[in-house]
Structure formats: structure tokens, C-alpha cells
1. Which value, in debye to the nearest 20, gives the size of the charge dipole of chain A about its Cα centre, when Lys and Arg are +1 and Asp and Glu are -1 at the Cβ?
2. Defining a contact as two alpha carbons under 8 Å apart and six or more residues distant in sequence, what relative contact order in percent does chain B show?
3. Pull out a ≥ b ≥ c, the square roots of the eigenvalues of the alpha-carbon gyration tensor of region A:15-109, then state rounded if a/c is under 1.5, prolate if not and a/b is larger than b/c, and oblate in the remaining case.
4. Quick one: grab Rg to one decimal and Dmax as a whole number for region B:75-140, Cα atoms only, in Å.
5. Can you bin every Cα-Cα distance in region B:138-238 into 5 Å intervals starting at zero and give me the percent of pairs per bin, rounded to whole numbers?
6. Let's see if you can work this out: charge +1 on each Lys and Arg Cβ, -1 on each Asp and Glu Cβ, no other charges. What is the dipole magnitude of region B:205-288 about its Cα centre, in debye to the nearest 20?
7. I'd like to know which of B:Gly189, B:Ser52, A:Ala221 lies farthest towards the positive end of the charge dipole of the protein assembly as shown, counting +1 on Cβ of Lys and Arg and -1 on Cβ of Asp and Glu.
8. Pick out, from B:Val142, B:Val116, B:Ala126, the residue whose Cα sits farthest towards the positive end of the charge dipole of chain B, with +1 on the Cβ of Lys and Arg and -1 on the Cβ of Asp and Glu.
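Read-outs throughout are calculated quantities, based only on the coordinates presented, and are distinct from any laboratory measurement. Just so it is clear, the structure is predicted and the values come from calculations on it, not from any experiment. Neighbour counts run over all protein chains shown; Cβ positions are idealised from the backbone, glycine included.
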Amino acid sequence: MAARKAKGFRPSLPVVLTLAEVRRENEQMVTLLFQVPEAREAAARGLDLGAFVPGRFFMLWIPRLDEKPYALSHVGPDGLSVSVHKRGPFSTRLGELEPGARVGFRGPLGRGFWDFERFAGSERVGLIGGGCGTAVLAPLAERLPRATLVQGANTAGRVLFRDRFAGQVIFTDDGSAGRKGFPTEWLDERLAAGALDMVYTCGPEAMTAAIASTCLRAGVACQVSLERYMKCGVGVCGQCECDGRLVCLDGPTFSAEELAQMPSFGRARRDKTGRRIDLAMVTPCPAEPRKPPAPQSL
Amino acid sequence: MGKRRPKPDISVNLCGIALRNPTIMASGILGVSRDLLMRAAEGGAGAATIKSVSPEPREGHSNPTVIAYEAGMLNAVGYSNAGMEEAVREFHDAGKLPIPIIASAIGRDADEFARVAAKIMSCGFAALEIPLSCPHTPGYGVMAGHSTPEATERITRAVRQATERPILVKLSPNLPAIGELALAALEGGADGISAVNSLGPGMVIDVETRQPVLDFKVGGVSGPALRPIAVRCVYDVATALRKADVEAPVVGIGGVATGRDALEMIMAGATAVGIGTAVYQRGVGVFGEIARELRRLCVRLGIGSLAEVRGAALS
């Protein structure tokens, strides 16, 4: 296995996997299913899927383009999957790959969700996803069959994994599917009923920051998966820094208690240069899908 | 010599700056923010260096920018930084942090180096490092011809006009006559030498896709692979200074990951040691761990203070 040797130097290099299948999830997301080599070959090539924990991530590499952090949306004997929201040059190219394409996986990296084994049989757990953040919670939902998956989407056409998870609660901003409103309403109701022991969440920080502070006030444990611009992914370059924490190494999963000590959470992130940007100025998921420019007419 | 204390003294004086131990977080490692410099301080570092600052913001190279292979790391970050205007906001209280903070300024020519130095040194940095030796950024360092003795002296002289704080000039391990470069830097007004920057550049090719893994294709080599070369470079610099009868401290950088490695550098002539890739190997607490190992090793070897053994390997 790729475990750290006592004296050796631990490589961190991409392991190239072949894209087996592409599934369209909704109007802006696709899921890419990659074949995984059998265990011995995987280990020889440095891919240790046994080290994967929901919430840990991989740096996905498309040669001659870029390398970006992605959580897995599924791991199983059939392979592993990544769900991609096409929004920038990298995710657009990734989301348009066809079966047979090869992508590098460097990881798993970072700290995933923890304590979930304790809640395997519990109904008192909420998994709250917003937009493409729901994909990060999917492997956790597979391990917590009695937990409630709650997702928020702008509109019916952007609901994710509607058929994959039974019994989920769907909210849309416009009411075109499920309940009209936001997943925080569900959280408030369940907390008022004293029906929750644990909340895991991933999504836009306006939502996850509200969830973390609500849980903290209610005394209910909560873990949040964060997203920041990353370079090395292994805790040396500092690019993903958030109030002295390294999102790639200390995170990307943080507890609500930790986040309460991180004033940038929900407020600021760093760009590719390292400059701090106010999150209010960032639109993580465009309100309208980007359309190709209209043909010029004379 | 004074009385030998039971606990070995591993504090050092670097250009008049007191360090509680000789470990310095090297430039390019974690130094993008004030809060990460605090992490280095909490991790036990004697001092910490910020990530290099250029006049304008730079995005650097595309990812992959940092990878690790079996003997070290390769990086081609490409000097990404938010620019000097942002740097003075980020590091405004650098002079008030619990450990000395060393600035790092870069430019495409002597004038840019001096402009950045003049701007950022208002933050209270203890010293300024100028790398003339980056192996993987067009327009800078080795790729801009900054690592000749002439350019080294010219750039150092320009920076000397911009700050009164100690200047460390960071040299490349690539050139055989590193001692000459060190003397050129001191001639230009430097107070000390940082030896060395990353080596190479090197390349790692993925055989499945037949492509170099780094997006810039090549990157500087650091970590264990660099260590014996860095030790030799420090030895060469120290020898050249001794021959020229010049007193100046050397910061030994390259693959230091243990107390033993630090002592080796000191015996080659280093006053302090830069730590970079070892943060990947051992985490941000590596500085304090190396300091503890160094102290234990001094006890075992009967060394009372680092000054006793500095340059001990130089005949």
C-alpha cells in the first residue's frame, strides 16, 4: 500500500484512471465513473482507495490543462465517481470528456468527515447539501442509510441524485421541485423537535455558515466541507489558507467549533495569486447556466 | 569560553537577529499569510520567511505546480503572489509577531527588486531575502540571468539602497562556483547568504499519458535529493568566505528534515537552516521537532553551543 514508510519519502503523484461511463445528472452536472485497477495493481501504482473517507478529496489532473480538487461522489467495486458542475475551463473540459479519456488522481488528500461510524444506525443525522455540494455528501449518505439527505437547488432542473437516494428532502429556490425555500428551514424544524444529533453539510458558504452557527447555538455537532483554491494539496504551499488553517490538510472538513474561530469562513477566500476576495463578490453557481455567445449577425 | 551549561545553547544570532533556534521556514512554504507565519511560530520555528513578493500580482503557473516523487519534491509554482500593495496589508504587523519574520522580494530587474524592497520593508520585517536563483519562472532568477556574479552584485547593490535591514541573497545550487556568487553578493552589500534555492529544474513524466506531470513541465528539485548538494554548496560558500577573510552568516537550505541534518549544515558552515520540503514530510510542527532533536544530539555529542561546531567540517 502507499502508506508512509518510516524513513522513505512519500510520493504524491497522479495515478491515471480511465473514464468508463458518463451519466447526465441534471441540466448542469454530469457524473464520471472511472474504472479502478484491481487492488494489487492499484497499490503498485500508488492508489490507496482504502484510505478514502467521505469528504477526503483528490487532485484531478487533465494533462496540459490544470489540476483541481474534487471530492468523490461514489466509491465501490464498480469504480469511483466524480460529479462535475461545468462552470470554468477545467470543469467544462472534465465534464465533456468521453469514455476512454484518462484523468490523473492524486490522493486521497485532506481530512474527511469523522465520527460517522457512530451514527450508522441513527435516524438523528442530517446531511445537508447545497447545489453541487450535495455530491460531496453522497458517499456519506451511502454509509448512513437511515440519515436524512436534504438538498437545496435553485430549480427542479438542478436537483441532484433524485433517484439515487430514497426519502430525501428537496428544496428549490423557486418551488419547482420539493419544498419552496431553503434547507435551513428543515434544520430549524428538526432542531426545534430535538430530532438531530449530528449534521454534515457542504454547499455555498452562505448556507453552510448559517447551518454551522445554528448547530453551534443548538449544541448539535456539525461538520462542514469547505472549498478553497488549491495548489499543492499537501499542506506546503499555503495557497488554500483560511485563518491559519490549511484547507487541503487540516480540512477540507471542519467542525462548527473550529469554524467559529475562522472569521474568513463564509466571508473571504483567496484567489490564484493569494489575494483575499470578499465572498459576497463571488457567485459560486451562476444563476443562469452560461450559454455560448450568440452568432454575430450583420 | 564561558561555562558550559547543562542544556546546549541552540539559539543563534543571524545578522544581529536573535533566533531561539536555527530553524527558519524557507520562502515559498506556507508564507502566504500572516496567520500561517503564526502557525510556523507555534510550530517552533526560529524565524519564518514570507512567500516572495513581486511588484504586481502574479497567478504563477497552472497546476500541477507541486508534486513529490520518491526522493523529494518538484515545484513550479511560478512566484504566484498578490503583489506588493496587498503584501503590506497582509504583513502589516510582521515586526510584532513572536518570531523574526524575513521578507522576500523579487523583480525582473534590479529596479523592481529595489521598488519591492522599499515598499514592503515598512512592515517591520527583521531582514530581507532576495532570491536570484529560481529555476522555473521566466523573467526571474536563473531564467533571467540573475545568477551571474555581475547580476548578483548589481541587484544586491540596488536593494542595498532600499533598506537598512539585513539582506540575505539566495543562491542557486546549479553553478559550480557558488563561492564567487556569494562574494559578489557581499560585495554588493549583502549581510548574509542563503544557500541554496531548489535545484535543476527537473522533470517527472507520467508514462500513461506520456506527459510531464508539472504543467510548466519542469520544476525545482528540493528535499532529500537536494541535501548533499546543498551541504556541499554551504561548505563551498563558507570556504570562499574564509579564504577571502570575510565574516558573513550562511543560511543552509536544502533537504534539512531532522536535527542531524541541521547539525550537518552547521558543521558545513551554516549559522541557521532553512526548512521547506520537511514541512510536507513532518507537518508544520517540524521546526520544534528539529530543534528538540538538535538539542538532544548536542547533548549526546558533547556540544555546548552551535557556535562551537559551526564550520567544524572546514579544514
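1. It works out to roughly 880 debye.
2. 20 percent
3. It comes out prolate by the Cα gyration axes.
4. Cα radius of gyration and Dmax of region B:75-140 are 12.2, 36 Å respectively.
5. Going from the shortest bin to the longest, the percentages are 2, 13, 20, 20, 17, 12, 8, 4, 3, 1, 0.
6. Rounded to the nearest 20 debye, it is 100 debye.
7. Going by the charge dipole, the pick is B:Gly189.
8. Checked the options; the winner is B:Ala126.
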